[in-house]
Amino acid sequence: MTPRTTGLPMSPRHGAPYVFDPGTLCLELLLTGGPGPYAVHEVLHEPRRLAEWLALCRLRLDPGQMSVSAAELAEVRATRDALWRLALARARGGVLPEEDVAAVNRAAARPPLAPALSADGTRAWVLPATASEVLSAFARDAVELFTGPFAERVRECAASDCGLVFVDTSRPGRRRWCSMERCGNRQKVRSLRARRETGGTG
């Protein structure tokens, strides 16, 4: 999987902004929208928006070096929706839907982004690149996630009003929240308030 970086900035409708790191590249794509109830969060309305978002995710691609067609954008969105269903199935202990597995495999079978070594010793990518190459990189990361040692650690945030999905890469494997800065702290506040209302100690 792609090495962990600093995560993505989140700006919820209610509450302060925070940073969310789902733990791997393919799950970052879920933050762009999704099927059903996730459609209200859609940001990939046109090819330009995908190019702009790729500068924010852990790939850190230059939008000016990205080629995105309308057909490619549609495939990115369809594969993202398949990844949503696969991630939720894994998090809930269900069977991976065959159609969604096939969609990810089709994307993964294409040539991915080519890695490059920068002069400062960090990894970069050969640019310009196409959206199909980027999608292949996401799909290959998904294959690695769902077949690797963290496959059983794909989880939903424990907050009932959240819904974000992440892979728990922590050593103890006890991560419950999308972010301690947001849902973890909110749960602490709720628990403290409940103890006070029932006469317990804080």
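The values are calculated or read from the model by the stated rules, or taken from the named source; none is laboratory data. No experiment lies behind these values; they were computed from the predicted model shown. In case anyone asks, the SASA skips ligands and DNA or RNA and just uses the protein heavy atoms, side chains included. Shrake-Rupley method; radii C 1.70, N 1.55, O 1.52, S 1.80 Å.
For TRP125, the residues whose modelled amide H falls within less than 5 Å of its own, excluding neighbours fewer than 5 places apart on the same chain, are ALA116.
The fraction of accessible area contributed by carbon and sulfur in the range 1-81 is 57 percent, rounded to a whole number (1.4 Å probe; ligands and nucleic acids excluded). In the chain, the calculated helix contribution to ellipticity at 222 nm averages -11500 deg cm²/dmol per residue, counting -39,500 (n - 2.57) for every DSSP H run with n ≥ 4.
Determine, at each q value in 0.16, 0.23 (inverse angstroms), the log₁₀ of I(q)/I(0) that the Debye formula gives when each Cα of the range 87-185 is one equal point scatterer. For the range 87-185 at q = 0.16, 0.23 Å⁻¹, log10 I(q)/I(0) is -0.86, -1.11.
Rounded to the nearest Hz, the phi-derived 3J(HN,Hα) couplings of the range 172-182 under the Karplus curve 6.51 cos²θ - 1.76 cosθ + 1.60 (θ = phi - 60°) are x, x, 10, 5, 10, 10, 4, 7, 5, 5, 10, where x marks glycine and proline. Any idea what angle helix 70-91 forms with the longest principal axis of the chain, computed on alpha-carbon atoms, 0 to 90 degrees, nearest 10? The two axes meet at around 40 degrees.
Taken per residue, the accessible surface of the range 114-165 reaches 51 Å², heavy atoms only and a 1.4 Å probe.
Looking at the chain, what % of its DSSP beta bridges pair antiparallel, to the nearest 5? Antiparallel bridges: around 80 percent, rounded to the nearest 5.
Extension gain for ALA71 to GLU152 (0.36 nm times residue separation, less C-alpha to C-alpha distance): 25.8 nm. Would you please classify the overall shape of the range 8-93 from the alpha carbon gyration tensor, given that a ≥ b ≥ c denote the square roots of the eigenvalues, rounded means a/c under 1.5, and beyond that prolate means a/b larger than b/c while oblate covers the rest? Oblate. The angle between the Cα long axis of helix 131-147 and the main principal axis of the chain comes to about 50°, on a 0 to 90 degree scale. Amide H contacts of ALA159 (H built 1.01 Å from N, in plane; Pro and chain starts excluded): CYS178 sit under 5 Å, all sequence-distant by 5 or more or on other chains. Note on the range 100-177: with neighbouring protein chains present and a 1.4 Å probe, carbon and sulfur make up 54 percent of its accessible heavy-atom surface. Between the C-alpha center of the range 5-53 and that of the range 119-154 there is a gap of 17 Å.
More than 28 Å apart: what percent of Cα pairs in the range 1-158 qualify? Counting every Cα pair in the range 1-158, those more than 28 Å apart make up 17 percent.
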